[in-house]
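Take a look at the structure below.
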Amino acid sequence: MTDSITKGLRSLIMVGGLALTMACTPIVRNYGYVPTPDDLAQITVGQDTRDSVTTLIGPPTTTGMLGTDAYFYVQSRFETVGARAPVEVDRQVLAVSFASDGTVSNVEQFGLQDGRVIALSRRVTTDNVRDSTFLRQLLGSVGRFNAGDFLGESGGAP
């Protein structure tokens, strides 16, 4: 009887260990696209244009602010282990810059280890609603009105 309990306990420990190992296996997710070095070797600085770059290595992930000065190809790799938040473990950014005549002027590649932050202009209009629900906005104005405004009288303040 103790032999069967020992076997059952061993099996339970092995299954538990296997489950623990599986739970700690990272889940890897890849986003974006960066061309291979062989594809990049086809680009000739000073000769290729936006159209030829798109034909050779594909459309960019994003473009410069005005859409004409640079193409950006971005690839990121995130790992998730267990219940932890995803962590970015790799990022590659390829920047293809264009001269005013439309030809390639520079090809640069940056990685996560370079620590370069590319500041993008955020043209976001802020709203004047301060995290309020409709009911809070409606009831929040109670007591903030002047009866003279409704009667057509001027309240003295401009």
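The values are calculated or read from the model by the stated rules, or taken from the named source; none is laboratory data. On a predicted model such as this, the values are computed, not experimentally measured, just so you know. In this analysis, Cβ positions are derived from the backbone assuming ideal geometry, glycine residues included, and neighbour counts consider all displayed protein chains.
Summary of values
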quantity: Unmet requirement for Thr80, which otherwise passes all of (1) loosely packed, with under 12 Cβ neighbours inside 10 Å; (2) in contact (Cβ under 8 Å) with a residue 12 or more places away in the chain; calculated: (1)
quantity: Selected residue [modelled with pLDDT under 90 and surrounded by 13 or more Cβ atoms within 10 Å (Cβ to Cβ)] from Leu66, Leu40; calculated: Leu40
quantity: Candidates Gly82, Gly155 - the one that is modelled with pLDDT under 60, assigned to a loop (DSSP other than H, G, I, E, B) and in contact with a helix residue (DSSP H, G or I) (Cβ under 7 Å, 6 or more places away or on another chain); calculated: Gly155
